[in-house]
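Accompanying notes for the structure given below.
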Amino acid sequence: MIDLMKLLRPGMQIKRWVLLLAVGVVLLSLGLAYILVHLYRSQPFPEVAAVVTLQFIDRPVRGVLFIAIGLAFGVVAVLRLHQSLLAAFVGRRDGKVVQTIYNYRARQRGPKVVVIGGGTGLSTALRGLKECTSNLTAVVTVADDGGSSGRLRRELGVLPPGDFRNCMVALADSEPLMENLFQHRFNHGSALEGHSFGNLFIVAMSEVTGNFERALQESSRVLAVRGRVLP
């Protein structure tokens, strides 16, 4: 319950919808009440209706009782929704859905940062910055000409994908298995030896989309990248 209070902090973009939901419930309740009162006054009801609606209790006490029951049902419904529906959408099973949503909103409101460079230094910096903000843009050098990237550059005439792969993995919010897959490097076969799967994936995506920048965008979607990676 304490964690749920984080959703009411400024900038979460939730309070307005909670208020709108509350107004909708009140209006719906009023509409149903008018209809029930009209039916009660114009149509005969069986005696069991008097028991179900607590006619034997004074109206003020009856109203407070119904409000308390309604609030209890509402709290239980919100807690269960938090545990089941939200957990499915956010992809968390450890009970920290609210904290995940809170962190997501906080990073969305973070500063806008542009990082320029290449090599391992750039990806290391991005890995730390993504914990503070999602408004990140990595401008990556295209001068890499060694290893797998250099071979792909010379043989296929494409931009070297290695640094882009490292930056996307650093900014990724995906499962560890997907990260390990993109960083996997083949060590068998004369043609594949030394190539990483991520490099081959980006090059294949650039041929499918017909554009290297579009390939980076689509590859970023696969890895759930926070921010943008540009050549």
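Data overview
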quantity: Check on L223, modelled with pLDDT under 90, in contact with a strand residue (DSSP E or B) (Cβ under 8 Å, 6 or more places away or on another chain) and either crowded, with 19+ Cβ neighbours inside 10 Å or of a type in the set (D, E) (or both); calculated: yes
quantity: Filter result for L136 (over 21 Å from R185 (Cβ atoms) and modelled with pLDDT of 90 or more); calculated: yes
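The values are calculated or read from the model by the stated rules, or taken from the named source; none is laboratory data. If you're wondering where the values come from, they're calculated on a predicted model, not measured in any experiment. Cβ atoms come from the backbone with ideal geometry, glycine included; neighbour counts cover every protein chain shown.
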